[in-house]
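The values are calculated or read from the model by the stated rules, or taken from the named source; none is laboratory data. Treat the numbers as computed from the prediction; the structure is a model and nothing was measured. Reconstructed Cβ throughout: ideal geometry from the backbone, glycine too, with neighbour counts over all protein chains shown. Note: accessible area is taken over every heavy atom of the protein model, side chains too, but ligands, DNA and RNA are not part of it. Shrake-Rupley method; radii C 1.70, N 1.55, O 1.52, S 1.80 Å.
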Amino acid sequence: MTDKLIIFDTTLRDGEQSPGASMTRDEKLRIARQLERLKVDVIEAGFAASSSGDFEAIQGIARVIKDSTVCSLSRANDRDISRAAEALKDAQRARIHTFIATSPLHMEKKLRMSPEEVLEQAKLAVRFARNLVGDVEFSAEDGFRSDPDFLCRVLEAVIKEGATTLNIPDTVGYAIPELYGNFIKNLRERVPNADKVIWSVHCHNDLGMAVANSLAGVMIGGARQIECTINGLGERAGNCSLEEVVMALKTRKDYFGLEVGIDTTQIVSASRMVSQTTGFVVQPNKAVVGANAFAHASGIHQDGVLKARDTYEIMRAEDVGWSANKIVLGKLSGRNAFKARLQELGVSMESEADVNAAFARFKELADRKSEIFDEDILALVSGENISSDKDQYSFVSLAQHSETGERPQATVVFSVDGKEVKGTSDGNGPVDASLKAIESHVKSGAEMVLYSVNAISGSTESQGEVTVRLQNSGRVVNGVGSDPDIVVASAKAYLSALNKLQSKADRVAAQG
Ligand code: KIV
Ligand code: ZN
């Protein structure tokens, strides 16, 4: 058994399956680059056979990622597996992850297959995948609720067919740490040639135990791969959270004794990027990445931390990427200082032209806001605030009037395919009036399923970051916009969401 623990990130696949968290190809690429900076061992980039958008996203990621293995999920059939292999063709290191359910409930009710048929299909799938790539992961979906005798037969068979990683998911988040750990231990002891493969854990968080279960799978069960997502994103209550599990392993290395290759200083940037992209806000008291995770409010705690930091802090904020010096730049800061700060924040720009464009946006913001924080810089380069040539709609200007006792009015000027148009409307409040002004022209008919505002750096002087989630014809998209004026931020977020609804290229993983 090795001491290296593999971190398999599935934010772009299982995380994206969360209703409303669908991402465009460009968003997935941006997050994949951040995952590579974070040094995750495996990036599960999507489910190639699920849509052409997902196929293209995996293909794009496979072409640019050099340091992490890139993986695609596939059901246990030749068509899915061939699509996965095709999408991964240009990867430096490719993995096919094939799965089939093995619990009595799933086999009978969902698959309508007998255990013998499932066993046969699992064998054929792994055999087929191994002819296409050398690195094949097999997952027994709903593994924890499967009959151990049957599961042992399936796992023994797929090892014989050449599977290199065996994953035992707790698909519905039903496990308890000790039981899950012992379940994996028992499988590893009973399955012949168990030592020839890496054992993996994949835990959902329905009872809030995904991190604890994953760690038990490692410590009791002997697993050496953890599947997890940034911010614990994922269906229902989500998956095992990468930042929590990694910081547990690093902070308590004395207990776990395992090597984890993650560059933890990239954690906060990754968390922020995923939250901005999906519109899934991180709760303030969330471990490691929540805004309060390192804040000491009580006088006794503050006094203790000032005297000796480790009285109340078990991790250092800067080790996970929270900046020690938060006020960073202002109006007089030059391009070099801006570029250096981007580097410190782990943001790499593709070209000098991109740096120049970001610097111009920074100057524009600095004219309106005296102190620029790291969070402002990250928002500036997050992609949501960068209009691209592909965008159909882009924000130009906004005027609104609101007064106590009067119905607010707004006029929004925006461009549609490069041509300026103007929409005017009243509304319940200035935000409502502004979005109705846009809609009066666009007539998308989309339903708004989420609207949220967040102060980027925590005070009224900060920029407002608005997330708008729209639903239309079965598709759900998120738009994010930021600006010191939250009405403007709202209009930008709305236009950004409309761009995603309109753009055919962006049709990734439609959500019902
Ligand atoms: O939760 C699960 O069982 C999965 C598998 C497809 C690995 O996500
Ligand atoms: Zn899952």
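Worth a mention:
- Long-range Cα-Cα pairs in segment 321-384 (distance over 20 Å), rounded percent: 16 percent
- Linear extension gain, Arg63 paired with Leu111, 0.36 nm per residue minus alpha-carbon span: 13.8 nm
- Gained length - Val416 relative to Glu350, 0.36 nm times residue gap less alpha-carbon distance: 21.0 nm
- The long axis of helix 210-219 is offset from the longest Cα principal axis of the chain by roughly 40 degrees.
- Placing a pseudo-label 7 Å from each Cα along the Cα-to-Cβ vector at Lys307 and Ala295 gives an inter-label distance of 2.5 nm.
- Per-bin percent of Cα-Cα distances, segment 177-312 [5 Å]: 2, 10, 16, 18, 18, 15, 11, 6, 3, 1, 1, 0
- Pairs with C-alpha atoms separated by more than 26 Å, drawn from the list Lys331/Lys492; Lys66/Lys339; Lys339/Lys500; Lys89/Lys253; Lys4/Lys66; Lys286/Lys500, are Lys339/Lys500; Lys89/Lys253; Lys286/Lys500.
- Rolling a 1.4 Å probe over the protein heavy atoms gives the chain an accessible area of 42 Å² per residue.
- Charge dipole (Cα centre; +1 on Lys/Arg Cβ, -1 on Asp/Glu Cβ; no other charges) of the chain amounts to roughly 620 debye.
- Label-point separation, Arg127 to Val449 (7 Å along Cα→Cβ), nm: 4.2 nm
- The gain in end-to-end length when the Asp485 to Ser459 segment is fully stretched comes to 8.1 nm, 0.36 nm per residue minus the alpha carbon separation.
- Packing rank of 418-427, 257-266, 460-469, where each peptide gets the mean count of other beta carbons within 10 Å, highest leading: 460-469, 257-266, 418-427
- Helix axis angle, 242-251 relative to the chain longest principal axis, alpha carbon, degrees: 70 degrees
- Note on the chain: along the principal axes its Cα atoms extend 73, 58, 46 Å, ordered by decreasing extent.
- Farthest towards the positive end of the charge dipole of the chain, among the residues Gly479, Gln92, Met107, is the Cα of Gln92, using unit charges on the Cβ of Lys, Arg, Asp and Glu.
- Degrees, to the nearest 10: 78-87 long Cα axis against longest axis of the chain: 50 degrees
- Accessible carbon and sulfur surface of segment 126-255 relative to its total accessible area, %, 1.4 Å: 50 percent
- Rounded FRET efficiency, nearest 0.05, which uses the C-beta distance separating Asn428 from Gln392 and R0 of 30 Å: 0.65
- Summing charges over all other residues whose Cβ lies under 9 Å from the Cβ of Gly60, with Lys and Arg as +1 and Asp and Glu as -1, gives +1.
- Net charge contributed by nearby residues that have their C-beta within less than 9 Å of Trp199 (K/R +1, D/E -1): +2
- Anisotropy class of segment 1-146 from Cα gyration tensor, a/c 1.5 cut: prolate
- Calculated FRET value between Asp254 and Leu179, using beta carbons and R₀ = 22 Å, to 0.05: 0.30
- Selection from Trp199, Val158, Gly330 lying farthest towards where the dipole of the chain points positive, charges on Cβ: Val158
- With a Förster radius of 41 Å applied to the beta-carbon distance between Asp147 and Lys89, the computed FRET efficiency rounds to 0.60.
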